[in-house]
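Single-structure report; data block below.
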Amino acid sequence: MKNKMTLTFSAISENESFARNAVAAFCAELDPTVDEINDIKTAVSEAVTNCVVHAYPKDGNEHTVTVITEIDDDTVHIVVSDNGVGIDDIAHAMQPFYTSKPEQERSGMGFTIMESFTDELEVTRNEPQGTVVSMFKTIKGGAVWNRKKR
């Protein structure tokens, strides 16, 4: 079974909760546990927040974040992307406590949290500009039971 959803929304902090809840609702068909759904919501929240905070300079232009969620059997693949300034050194940016905005008292734990709450995390450049965060999470909750009843 494959199912796919694409969301594109304004890169403003008010849309972080929309994104996390939309992805969680989309994943409900897999009958995840409460812990699994909270893991997904936390990872999406961190990825979207990174886009809002770091991707775009405050220049008043309209900017967007795109979240693509795909379900394939019992695995959820979530891609969060922007067309912002990008990350010069991805490996360095993924180190715990690194932040490009220390003046905003950011913890620098976004990528570490995403990595902790998913099974796989990949961060790449979005050509020609921006960043792509790709996360995978296998749902163990009720997926086997759901497949049997279909």
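The values are calculated or read from the model by the stated rules, or taken from the named source; none is laboratory data. These numbers were taken from a predicted model, which means no experiment stands behind them. Every residue, glycine among them, receives a Cβ derived from its backbone with ideal geometry; neighbour counts consider all protein chains shown.
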Can you name every residue in segment 1-24 that is part of a helix (DSSP H, G or I), loosely packed, with under 12 Cβ neighbours inside 10 Å and out of contact with any helix residue (DSSP H, G or I) (no Cβ under 8 Å at 6 or more places or on another chain)?
GLU14
Within segment 87-114, considering residues that are in contact with a strand residue (DSSP E or B) (Cβ under 6 Å, 6 or more places away or on another chain) and surrounded by 18 or more Cβ atoms within 10 Å (Cβ to Cβ), the one modelled with the highest pLDDT
MET114
Tell me which of these VAL67 doesn't satisfy, since it passes every other one: (1) of a type outside the set (S, T, N, Q); (2) more than 12 Å from the chain's Cα centre (by Cα); (3) under 16 Å from ASP82 (Cα atoms).
(2)
